[in-house]
Amino acid sequence: MISVARPQIGPEEEEAVLAVLRSGMLAQGPEVARLEAAFAAVCGVTHAVAVSNGTAALFLALRAHDIGPGDEVITTPFSFIATGNSILMAGARPVFVDIDEQTFNLDPDQVEAAITPATRAIMPVHLYGQPAAMDALCAIAERHGLVIIEDAAQAIGAHDQGRPVGSFGTGCFSLYATKNIMSGEGGMITTNDPQIADRLRLLRSHGSRVRYYHDFLGYNFRMTDLQAAIGNAQLAKLERFTERRIANAAYFDQTIAHPQVLKPLARPGVRHVYHQYTVRILGDRDEAMRQLRAAGVDTAVFYPLPIPHQPMYRALGYNQSLPVAERLSGQVLSLPVHPGLTDEDLACISGALNALSLETTEVLSSSG
Ligand SMILES: *Cc1c(COP(=O)(O)O)cnc(C)c1O
């Protein structure tokens, strides 16, 4: 079975972890500092702050900007639950705006109408590794004095008009095991604002600048040197991994041709890093997954239910209609695109897609 995600672990990662173990210094230390410096360089920013995971990165970014009770944050309904939940965790209210059908990302044309006097921030997600429409979103944020917090969990190394994600606002990354680079669990926050960076460093470590003296309520969201050692070994391979993902996606673009399979589009001027290669199945998606599985190809649905339609959001009173996110949730299917795929795997995947035999359904017509 060709798996939909597989961490790429080599002797570099193994040796790096052993070296930390043998050093006897396991908690946040020199490996974390090295990872932060390297991450800041990749994102073209002056500060990067490592934390325990991507959810903590989003939460602390909000807290560092003093976003909390009474505040609203505009975001996308079509993402992993952590996007919306980080806003709830901070005590603020997520406001969901529908997505653009071509890019799966927040539709900037609908953002402005959702701004109220309580709006403090826009949190775009660079879904599947494709930058959100940052030009338009940054212009809106500037006009209304809003903070941009980028959920770049899936998009390390992506660019919009040559500018790296994580440099448009406060950038939040994940190093979870299946992301483009990983440290098992891990997160990173990027910023050009020294005061935000300073607050982030205090927030991740119990609000403490001088050991055992605490200025305000903080948390323990530190990364260990064990994780950072893996992250450093992975970051050294980022460009190679990313080029492989892009080449794999180009292969699918050229070889997949099936009337019921819509391939993803990269917006002009972006570097899409293909955390996922996500097609839309115009037909019975469950049946497509079964046929692909029978052909040895594992696939996944990211994500089957928009965030505000999740039971926990329904319980909070969310019940708006988000037609594009709803339609795409029913169609999307992510194929294996990771850098561990062989030429044989690639041929098998696109062959299996082209061989799909699906009855035509009414998916394309409006849901009635
Ligand atoms: C993975 C992910 C997160 C959360 O990262 P964790 O490290 O798993 O906490 C947030 N947003 C998106 C879009 C993600 O894919």
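Every number in this text was worked out from the coordinates using simple rules, so none of it is lab data. Everything numeric here is computed off the predicted structure, so don't read it as measured data. Every residue, glycine as well, gets a Cβ built from its backbone with ideal geometry; the counts of neighbours run over all protein chains shown.
Brief remarks on what is shown
- Residue 182 aliphatic (A, V, I, L, M), assigned to a loop (DSSP other than H, G, I, E, B) and within 16 Å of the ligand (Cβ to nearest atom): yes
- Residues in segment 227-250 that are more than 20 Å from the chain's Cα centre (by Cα) and buried (at least 18 other Cβ atoms within 10 Å of the Cβ): 229, 233.
- Residue in segment 339-352 that is more than 16 Å from the ligand (Cβ to nearest atom), over 19 Å from residue 2 (Cα atoms), free of Cβ contacts under 8 Å to residues at least 12 places away in the same chain and outside any loop (DSSP other than H, G, I, E, B) present: no
- Within segment 41-52, considering residues that are buried (at least 24 other Cβ atoms within 10 Å of the Cβ) and within 13 Å of the ligand (Cβ to nearest atom), the one farthest from residue 192 (Cα to Cα): 51
- Within segment 53-75, being closer than 10 Å to residue 151 by Cα and either within 10 Å of the ligand (Cβ to nearest atom) or assigned to a loop (DSSP other than H, G, I, E, B) (or both) holds for 54, 55, 57, 58.
- Extreme residue, nearest to residue 264 (Cα to Cα), among residues of segment 282-335 that are without any contact (Cβ under 8 Å) to a residue 12 or more places away in the chain and among the basic types (Lys, Arg): 290
- Among the residues making up segment 40-63, a single one is over 21 Å from residue 27 (Cα atoms) and hydroxyl-bearing (Ser, Thr, Tyr): 46.
Per-residue answers, yes or no, for (1) in contact with a strand residue (DSSP E or B) (Cβ under 8 Å, 6 or more places away or on another chain); (2) without any contact (Cβ under 8 Å) to a residue 60 or more places away in the chain; (3) surrounded by fewer than 21 Cβ atoms within 10 Å (Cβ to Cβ); (4) of a type in the set (Phe, Trp, Tyr):
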{"position": "94", "(1), (2), (3), (4)": "yes, no, no, no"}
{"position": "99", "(1), (2), (3), (4)": "yes, no, no, no"}
{"position": "102", "(1), (2), (3), (4)": "no, no, yes, no"}
{"position": "107", "(1), (2), (3), (4)": "yes, no, yes, no"}
{"position": "112", "(1), (2), (3), (4)": "no, yes, yes, no"}
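- Filtered residue count, segment 127-156, keeping only those that are touching a Lys or Arg at 6+ places or on another chain (Cβ under 8 Å) and either in a strand (DSSP E or B) or surrounded by fewer than 24 Cβ atoms within 10 Å (Cβ to Cβ) (or both): 3
- Long-range neighbours under 9 Å by Cβ, at least six apart or interchain, first residue over 28 Å from residue 335 (Cβ atoms) within segment 129-140, second among the charged types (D, E, K, R) and surrounded by 19 or more Cβ atoms within 10 Å (Cβ to Cβ): 135/160
- Any chance residue 325 is under 19 Å from the mean Cα position of the chain (by Cα) and assigned to a helix (DSSP H, G or I): yes
- Subset of segment 163-173 that is in contact (Cβ under 8 Å) with a residue 60 or more places away in the chain and farther than 15 Å from residue 105 by Cα - its residue that is surrounded by the fewest Cβ atoms within 10 Å (Cβ to Cβ): 163
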